[in-house]
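The values are calculated or read from the model by the stated rules, or taken from the named source; none is laboratory data. Keep in mind the model is a prediction, meaning the values are calculated, not measured. Neighbour counts run over all protein chains shown; Cβ positions are idealised from the backbone, glycine included. Side chains are part of the model used for accessible areas, which takes the heavy atoms of the whole protein and leaves out ligands, DNA and RNA. Shrake-Rupley method; radii C 1.70, N 1.55, O 1.52, S 1.80 Å.
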Amino acid sequence: MKNLFLFILLYISFSCNAQVYPLRTFTQIPENAYLKDTNNELPAYEGIWKGTWNNKTVYITFKKVINKYNENLKYYKDNLIGKFKVLDSNENTLFDNTNLSDDNPKIWGGKFRKIDDKYSLVYLDSDLCNTSGNIIINFTDSSKTKLNWKLTLGSNMITTDCQYYNTGIPEALPKEIILIKQ
C-alpha cells in the first residue's frame with residue numbers, strides 16, 4: 001500500500017513538472033503546458049516607465065501576470081501586461097487605460113525573441129478603431145533603468161464607422177522611445 005501511494009505521488013509530481021517550460025523555450029509547446037518565468041526575468045520590467053515624444057509624456061506600467069491561459073496557443077504562460085497614460089504638454093490627459101482590468105489590457109506580452117533576446121508584446125486598442133501593432137522592448141543599460149521601446153503598427157484600415165474616419169487615428173503611443181524607470 002505504501003509503495004502504491006509513493007508511486008502515485010511520484011507520477012503526479014513528474015506529470016506536473018513535465019508540463020513546465022522556461023520562457024525562453026523556442027520549440028513547440030504542447031497544449032495545456034505552462035511557459036513559466038523560471039529565471040525570474042519579468043520582474044525587472046515591472047513598474048512605471050516614463051518617456052516624452054512630440055510634446056507628450058507617456059507613462060507605461062508593466063505588470064507580471066502568472067499562469068495566464070492563452071486560448072489561441074492553448075497553453076498557460078507568465079507574461080507582462082501594459083497599461084498607459086498619455087499627457088499633452090499642458091498635463092491634460094489624452095489617453096488613459098490604467099483603470100482597465102488585468103484581464104483586458106491593451107498591451108500584453110508574448111515572450112522573449114530567439115533572434116535578438118528582446119521581449120515582444122502585442123498592442124490592440126479597441127478605443128482607437130482596433131489599432132494594433134507589435135512592441136519590442138529591451139534594456140539599454142546594465143542597471144535596467146532605461147528601456148528601449150519600438151512599436152510597429154499593423155495595417156490598420158479605417159472604416160466609415162470609425163470615429164476618426166475623417167481625421168485619422170491619433171497617435172496614442174510612440175513608435176520609438178527610451179523609457180526611464182520611475
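Observations on the model:
- The residue list 102, 127, 116, 88 contains one member that is acidic (Asp, Glu), open to solvent by 80 Å² or more (accessible area, probe 1.4 Å) and either more than 20 Å from residue 21 (Cα to Cα) or without any contact (Cβ under 8 Å) to a residue 60 or more places away in the chain (or both), which is 127.
- Selection status of residue 134, open to solvent by less than 80 Å² (accessible area, probe 1.4 Å), at pLDDT 95 or above, among the polar types (S, T, N, Q) and closer than 23 Å to residue 50 by Cβ: no
- Test for residue 108: is it among the aromatic types (Phe, Trp, Tyr) and over 30 Å from residue 19 (Cβ atoms): no
- Meets criteria (under 28 Å from residue 24 (Cα atoms), open to solvent by 80 Å² or more (accessible area, probe 1.4 Å) and at pLDDT 95 or above) for residue 144: yes
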